[in-house]
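*Asks:* Structure provided below as structure tokens; questions to follow.
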């Protein structure tokens, strides 16, 4: 029989797909942008919640004209709670936490849905928040792992 050599490759291939010496690319800025925008988005949600809780007459339509027929106090508490959770998730994203990234994507999607249901009350504000939600989801899903890689 002919000896064809060792069946093991001569090169180290076990970590080739997961190169830990990889330098951070310029796309890392997108994840930092997403973390900062999550914090800003949470603050905007909280402001929207406080306005709905304390000043029912501020919005253009009555609560019966909204997609979901509940009073503005319930909307306010929903926005306020969502805002606090989004701020916490944004802080976690800035530290490179993978779980915070996943929660950030879920909360940004939930924020977009809540603002879509709230769009009749304050259309311009809701469209701006939905747009920021979409940008955050893009940044976290496409370039999310790069912050963790650059923090090593």
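*Asks:* Looking at the stretch 117-129, which of the residues that are surrounded by fewer than 19 Cβ atoms within 10 Å (Cβ to Cβ) and within 16 Å of residue 86 (Cβ to Cβ) is nearest to the chain's Cα centre (by Cα)? It would help to see each step written out before you state the result.
*Replies:* The initial filter retains those residues of the stretch 117-129 that are surrounded by fewer than 19 Cβ atoms within 10 Å (Cβ to Cβ), namely 117, 119-120, 123-125, 127-128.
From the residues that got through so far, the ones that are within 16 Å of residue 86 (Cβ to Cβ) too are 125, 128.
Details: 125: 18, 128: 15 Å.
Among those that are surrounded by fewer than 19 Cβ atoms within 10 Å (Cβ to Cβ) and within 16 Å of residue 86 (Cβ to Cβ), it is 128.
*Asks:* With respect to the numbered conditions (1) modelled with pLDDT of 90 or more; (2) surrounded by fewer than 12 Cβ atoms within 10 Å (Cβ to Cβ), which one is the sole condition not fulfilled by residue 5?
*Replies:* (1)
*Asks:* Follow-up question, since we're still on this one. Condition check: out of contact with any helix residue (DSSP H, G or I) (no Cβ under 8 Å at 6 or more places or on another chain), at positive phi and at pLDDT below 90. Does residue 65 satisfy that? Show your work before the answer.
*Replies:* Details: out of contact with any helix residue (DSSP H, G or I) (no Cβ under 8 Å at 6 or more places or on another chain): yes; at positive phi: no; at pLDDT below 90: yes.
Against the criterion (out of contact with any helix residue (DSSP H, G or I) (no Cβ under 8 Å at 6 or more places or on another chain), at positive phi and at pLDDT below 90), residue 65 does not qualify.
*Asks:* Turning to a different aspect of this structure: Go through (1) in a helix (DSSP H, G or I); (2) at pLDDT below 70; (3) surrounded by 15 or more Cβ atoms within 10 Å (Cβ to Cβ) and name the single condition residue 111 misses.
*Replies:* Only one criterion is unmet by residue 111, namely (2).
*Asks:* Condition first: in a helix (DSSP H, G or I) and modelled with pLDDT of 85 or more. Can you find one or more residues in the stretch 54-62 that meet it?
*Replies:* Our first condition is that a residue be in a helix (DSSP H, G or I); within the stretch 54-62, this holds for 54, 56-58.
Among the residues that remain, those that are also modelled with pLDDT of 85 or more are: 54.
Yes; the residues of the stretch 54-62 include at least one that is in a helix (DSSP H, G or I) and modelled with pLDDT of 85 or more.
*Asks:* Tell me, please, whether a residue that is closer than 16 Å to residue 46 by Cα and either surrounded by fewer than 19 Cβ atoms within 10 Å (Cβ to Cβ) or at pLDDT 90 or above (or both) can be found in the stretch 134-146. Spell out how you get there, then give the answer.
*Replies:* First, the residues of the stretch 134-146 that are closer than 16 Å to residue 46 by Cα: none.
Looking through the stretch 134-146, none of the residues is closer than 16 Å to residue 46 by Cα and either surrounded by fewer than 19 Cβ atoms within 10 Å (Cβ to Cβ) or at pLDDT 90 or above (or both).
*Asks:* Is it true that residue 116 is within 18 Å of residue 43 (Cβ to Cβ) and in contact with a helix residue (DSSP H, G or I) (Cβ under 8 Å, 6 or more places away or on another chain)? Step through it out loud before you land on a result.
*Replies:* On the way: within 18 Å of residue 43 (Cβ to Cβ): no; in contact with a helix residue (DSSP H, G or I) (Cβ under 8 Å, 6 or more places away or on another chain): yes.
The answer is no for residue 116.
*Asks:* Given the criterion exposed (fewer than 14 other Cβ atoms within 10 Å of the Cβ), closer than 30 Å to residue 139 by Cβ and modelled with pLDDT of 90 or more, identify the matching residue among 99, 46, 17. Walk me through it before giving the result.
*Replies:* On the way: 46 fails: exposed (fewer than 14 other Cβ atoms within 10 Å of the Cβ); 17 fails: modelled with pLDDT of 90 or more.
Just one listed residue meets the conditions, 99.
The values are calculated or read from the model by the stated rules, or taken from the named source; none is laboratory data. Because the structure is a prediction, the values reported are computed rather than measured. So basically every Cβ, Gly included, is an ideal-geometry build from the backbone, and we count neighbours across all protein chains shown.
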